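The values are calculated or read from the model by the stated rules, or taken from the named source; none is laboratory data. What you see is a predicted model, and the numbers here were worked out from it, not measured in a lab. For neighbour counting, all protein chains shown are included, and Cβ atoms are generated from backbone atoms with ideal geometry for every residue, glycine included. Heavy atoms of the whole protein, side chains included, go into the accessibility calculation; ligands, DNA and RNA do not. Shrake-Rupley method; radii C 1.70, N 1.55, O 1.52, S 1.80 Å.
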Amino acid sequence: MIQMKTPGGHRKLPVLYPQGTDLEMLDNLRTVTFKYFHDQVNERTGLIADSSEPGSPGSIAAVGLGLSVYVAAVERKLLSRTEAVQRTLKVLRFFHLSPQGPEPDATGYRGFYYHFLDMETGRRAWQCELSTIDTAVLIAGALTAASYFDGDDPAETELRELAESLYRRVDWKWALDGKATLSHGWKPESGFLSGRWAQGYSEAHILYVLALASPTFAIEPGGYREWTSTFEWKEFYDIEYFYAGPLFIHQLSQIFLDCRGIKDDANRKAGFDYFENSRRATYVQRHYGVENPQGFTHYSEYCWGFTASVGPGPGEMDLNGIHRVFYGYMARGAPLGPDDGTISPWAVAASLPFAPEIVIDTIRHAIERLDLKQHSGYGFDASFNPTHPDRSKNANGWVSPWISGLDQGPIILMIENHESDLIWSTARKCPHLARGLRRAGFRGGWLDKDDPGAAEETEK
């Protein structure tokens with residue numbers, strides 16, 4: 001493991017909201033963030049809202065994260081085991097019974113689900129796509145819950161049976177659309193989307209692992225190898241890694257997949273695993289914050305975090321003699337951009353297991369000095385832009401008015417992985433995930449420890 005150079009020398013702002021010890025700070029952040037998954041839930045369907053904006057539809061990925069959040073909530077005594085089981089059962093029963101078909105107002109088709117669903121009816125919202133990656137996050141959350149709730153009582157038994165049934169129903173072969181790699185999704189009006197999980201490092205590891213492991217509709221490993229062969233190898237700030245600009249790409253699959261010490265063909269060629277790759281990507285983002293090549297306000301070793309997020313745009317203005325372009329929702333990244341001065345503190349928190357030595361101080365700076373946690377009721381503001389002149393909600397710049405479930409879940413789950421290994425250790429017990437990793441070519445580490453014969457397993 002290479003040693004990262006730590007830039008320094010930036011003067012911190014005065015402390016506004018002291019947080020106590022690091023453990024106290026993280027525990028408080030986890031607790032207040034959990035309120036999102038307690039409040040933003042439909043009582044009938046169990047669906048979890050995409051955002052706190054009034055009228056927001058449900059997000060199937062937010063549900064998948066929420067199912068794992070319920071596991072963490074039991075361990076942290078934020079929910080009783082009985083309440084967590086009932087919440088999980090409610091939403092799994094909904095998906096199990098919801099309409100599956102080619103109709104444009106169904107909930108899903110061929111085991112996949114639409115990206116956004118009406119919170120009340122559970123039907124497709126916004127004419128969105130049947131999403132392969134969001135369905136994978138939903139299924140990963142369901143399987144994690146099934147691994148955790150292992151009791152013999154009828155409720156936990158039903159929970160496991162429903163999770164297994166939902167997984168077995170997903171027709172991953174259909175989502176190939178006749179090719180080796182998986183499609184991004186499908187719409188009833190126009191068929192498969194043109195985009196595929198086929199080019200460049202992305203968040204699709206959890207998607208391929210589940211598709212490879214399916215007991216009913218498993219795809220072949222060749223498509224996974226075809227995808228990973230396209231990963232770009234780049235070097236920034238003397239750090240080499242598989243490049244992707246937004247932090248969420250380096251985090252999403254590893255919320256569930258413990259990649260420490262396990263390697264696929266791409267890892268063996270690089271000489272390190274995906275956990276180490278995410279650690280390097282985290283350091284690159286911090287270096288970019290220090291370098292601040294575009295001269296944005298307040299970037300520093302304590303102020304960084306570039307990912308998919310809402311911004312203050314679209315709009316343009318001249319500020320201090322510089323023409324600035326601000327974007328709305330965009331997958332921001334570093335160091336190659338796009339970048340308009342918008343920072344997402346939650347994305348830093350979600351990198352906690354990879355580089356706690358730099359993440360904790362950055363979290364503390366965001367809370368204690370930038371006042372980015374005190375107002376929403378749900379923890380971190382989703383994003384803020386200190387370069388933008390809007391100071392109506394925060395003296396440090398524009399702040400996103402809404403909180404997103406896809407931001408909230410990773411905060412809780414990665415704090416938990418950092419402190420207790422909970423989600424990783426629970427997911428490691430799921431035989432489907434282990435099988436999918438092995439079919440993808442992963443070997444070593446906990447995979448070989450759990451199955452000594454797996455190191456000899458090969459698939460053509």
The correct ranking of Lys90, Lys179, Lys373 by accessible area at 1.4 Å, largest first, is Lys179, Lys90, Lys373
The simple spin-label model distance between Lys393 and Asp421, using points 7 Å out along Cα→Cβ, in nm, is 3.9 nm
A 1.4 Å probe over the protein heavy atoms gives region 313-460 a carbon and sulfur accessible-area percentage of 51 percent
Counting only protein heavy atoms and leaving out ligands, DNA and RNA, the solvent-accessible surface of Tyr274 at a 1.4 Å probe, in Å² to the nearest 10, equals 0 Å²
Counting only protein heavy atoms and rolling a 1.4 Å probe, one gets per residue an accessible area for region 214-266 in Å² of 36 Å²
Given a 1.4 Å probe, the accessible area of region 269-407 per residue, as a whole number of Å², is 32 Å²
Length gained if Thr21 through Lys187 is fully extended, taking 0.36 nm per residue and subtracting the Cα-Cα distance, is 54.8 nm
Length gained, Thr230-Asp361, 0.36 nm per residue minus C-alpha separation, equals 43.7 nm
At 20 °C and 1.002 mPa s, the Stokes-Einstein diffusion coefficient in µm²/s for the chain, with hydrodynamic radius from the Kirkwood sum on alpha carbon pairs, is 96 µm²/s
In the chain, whole DSSP H helices that both stretch 15 Å or further along their axis by alpha carbon positions and average at least 1.0 on the Kyte-Doolittle scale are 60-75, 132-148
For region 163-300, the accessible surface attributable to carbon and sulfur atoms (probe 1.4 angstrom, ligands and nucleic acids excluded) amounts in percent to 48 percent
Taking 0.36 nm per residue of separation between Lys449 and Ser98 and subtracting their Cα-Cα distance, the length gained on full extension comes to 122.4 nm
With all protein chains present and a 1.4 Å probe, the order of His184, His365, His432 from largest accessible area down is His184, His432, His365
Using a 1.4 Å probe on heavy atoms of the protein chains only, the accessible area for Asp153 in Å², nearest 10, reads 60 Å²
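Based on DSSP H runs of at least 4 residues, each adding -39500 (n - 2.57), what is the mean residue ellipticity at 222 nm of the chain after dividing by all its residues, to the nearest 500 deg cm²/dmol?
On the way: 15 runs with 177 residues, N = 460.
Calculated from helices alone, the mean residue ellipticity at 222 nm is -12000 deg cm²/dmol.
Quick one: accessible area per residue over region 82-121, 1.4 Å probe, rounded to a whole number of Å²? Don't skip to the answer; put the middle values down first.
Working: 1660 Å² over 40 residues.
The answer is 42 Å² per residue.
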Carbon and sulfur atoms account, in whole percent of the 1.4 Å probe accessible area of region 11-56, for 52 percent
